[in-house]
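Right, one structure below, let's go through it.
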């Protein structure tokens, strides 16, 4: 490391709003300590580097907002944008809030996208007000939205033509896990870019899996979404069968949670589901969207998935009966409706 660069970095840290190296947990001569930090075998500026990078985030919805909170809490500088301005209030004074996604593109080194679907991602990137024209070569786009794998690959190829890096990082878990930093992140893309951004991902994900080239992570996430929807419907159908037999469905859930069939869904959601308490963490319409993505991907790959067709039909029926804005566990309401049960 060039000694002049070390001195410049030390001076920058001393003059910054973090009150020098003291807030980084260091004491003594700034130049000596900065040199030690840079050459530290553990991190290569592992603690100081985050203060020299700016992370961008577009989308402050149910997932984006708690992710933003985790990034800020970890000490990163964050610039964020959300189309609905009211959702930006929770971050005021903690992050730089800007008026457009293009400002995020211009300001940030790594830009996280956390929006609802494929169309929204393409609009954020390539619309007339999209980020594409404002992202400089060498920056990294991190897409945390579930989208078609074929679209993810196409986005990567288009960004590559401008020497912009791309990571797809679909997330397993909901707003509660995002808030506590316990999401599971699936990552596809260039391994070097993955390693450069791993510290950011670990602020909101307790487990991170590097899958390989794009769109591998999206394929796995769609398979997991299919599993999640199918399990929820299985719990719903089982509870309806038990209730129709005159038994307490709560007892059924207790027994499920005492066996190898226990999952986080059965522990957290299933009892609320049979008691009718369905505060949304993942809207049923979003689960239907995920099943649609899986169905379209299977069609593109010419893969026949018979269970997927049946589960998707049930969620589509629930959506058509007005349950789209309920939690996806409201699938139990649909099963009861078609069986004429209250």
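The values are calculated or read from the model by the stated rules, or taken from the named source; none is laboratory data. If you're wondering where the values come from, they're calculated on a predicted model, not measured in any experiment. When we count neighbours, we look across all protein chains shown, and the Cβ atoms used for this are built from the backbone with ideal geometry, even at glycine.
On the basis of being modelled with pLDDT of 95 or more and over 15 Å from residue 282 (Cα atoms), does residue 312 make the cut? Criteria met by residue 312.
Against the condition over 30 Å from residue 264 (Cβ atoms) and either at pLDDT 95 or above or under 18 Å from the mean Cα position of the chain (by Cα) (or both), how does residue 159 come out, does it pass?
Yes.
Per this entry, residue 334 is counted among residues that are within 27 Å of residue 120 (Cβ to Cβ) and either touching a helix residue (DSSP H, G or I) at 6+ places or on another chain (Cβ under 6 Å) or part of a loop (DSSP other than H, G, I, E, B) (or both).
All of (1) modelled with pLDDT of 95 or more; (2) touching a helix residue (DSSP H, G or I) at 6+ places or on another chain (Cβ under 6 Å); (3) closer than 19 Å to residue 57 by Cα hold for residue 151 with one exception: (3). If you go through the stretch 232-250 and keep only what is assigned to a loop (DSSP other than H, G, I, E, B) and within 17 Å of residue 275 (Cβ to Cβ), you end up with 247, 248.
The rows are residues; the columns are (1) in contact with a helix residue (DSSP H, G or I) (Cβ under 9 Å, 6 or more places away or on another chain); (2) crowded, with 16+ Cβ neighbours inside 10 Å.
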| site | (1), (2) |
| --- | --- |
| 253 | yes, yes |
| 258 | no, no |
| 266 | yes, yes |
| 277 | yes, no |
| 288 | yes, yes |
| 297 | yes, yes |
| 304 | yes, no |
